[in-house]
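**Student:** Next up is a structure, given as structure tokens.
Readers should treat all values here as calculations from the given coordinates under stated rules, not as data from a laboratory. Quick caveat: nothing in here was measured; it's all calculated off a predicted structure. Heads up, the Cβs are rebuilt from the backbone with ideal geometry, glycines too, and the neighbour counts pull from every protein chain shown.
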Amino acid sequence: MQKTNFLKSVKYALLGLAHGISTERNIKIQMIIGLGIIILSLLLQISRIEFILIIMVTFLVLSFELGNTALEKLLDRIHPDFDKDIGHVKDIMAGAVLLIVVLSMIVGLAILFEPFMTAMHLF
């Protein structure tokens, strides 16, 4: 198998990302929410380390969702008919995505709650 050069690898990765964004509803939703949280974080002028944490969990959610999508497409291609065991694998991966989403919500609330309430003069 021939090795792909670095620029081609980046090109393929970007194509995969674009395909995931353009075809998957959940990725679109998570990107919009993530962008909104990043903008809110900038407006609230949180610390640099807090902003880095927000960026990290946002990218983690998107990465897990892309991985989940890729695995689902592969499993559907390998076994297009319903299979209980393949269904369990899909459910487990969806559970992993859910855990990362919950983690991101906890991190986001822990970081943004007080600055948001202060900005709204409610705290």
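**Student:** Using the scaling law 2.2 N^0.38 Å as the reference, what is the normalised Cα Rg of the chain?
**Tutor:** 1.32
**Student:** While we're looking at this one, here's another question. Can you tell me the dipole magnitude for the chain around its Cα centre, using point charges on the Cβ only (Lys, Arg +1; Asp, Glu -1), in Debye to the nearest 20? Could you put the intermediate results ahead of the total?
**Tutor:** Numbers: 10 positive and 10 negative charges, 107 e Å.
The calculation lands at about 520 debye.
**Student:** Roughly how tilted is helix 84-119, in degrees to the nearest 10 and between 0 and 90, from the longest Cα axis of the chain?
**Tutor:** 20 degrees
**Student:** Still on this structure, I have one more. How many lysine pairs are close in the chain, with Cα atoms under 28 Å apart and the two 8 or more places apart or on different chains?
**Tutor:** Taking the chain as the scope, the lysine pair count is 11.
**Student:** While we're on this one: The stretch 1-103: which GluC sites (Glu not before Pro) are DSSP loop and have at most 12 other beta-carbon atoms within 10 angstrom?
**Tutor:** Of the GluC sites (Glu not before Pro), not one in the loops of the stretch 1-103 has a Cβ with at most 12 other Cβ atoms within 10 Å.
**Student:** Order by neighbour count: ILE106, ILE100, fewest other Cβ atoms within 10 Å first, most last.
**Tutor:** Details: ILE106 11, ILE100 18.
Ordered by Cβ neighbours within 10 Å, fewest first: ILE106, ILE100.
**Student:** Please give the contour-minus-distance gain from ILE21 to ALA96: 0.36 nm per residue of separation, less the Cα-Cα distance, rounded to one decimal in nm.
**Tutor:** 25.1 nm
**Student:** Using the alpha-carbon atoms, what tilt in degrees (0 to 90, nearest 10) does helix 6-23 show relative to the longest principal axis of the chain?
**Tutor:** 80 degrees
**Student:** Work out from phi, with θ = phi - 60° and the Karplus expression 6.51 cos²θ - 1.76 cosθ + 1.60, the ³J(HN,Hα) of each residue of the stretch 37-51, listed in order in whole Hz, and give x for Gly and Pro.
**Tutor:** These are the phi-based 3J(HN,Hα) values: 5, 5, 5, 4, 4, 5, 5, 7, 6, 5, 5, 4, 5, 5, 5 Hz.
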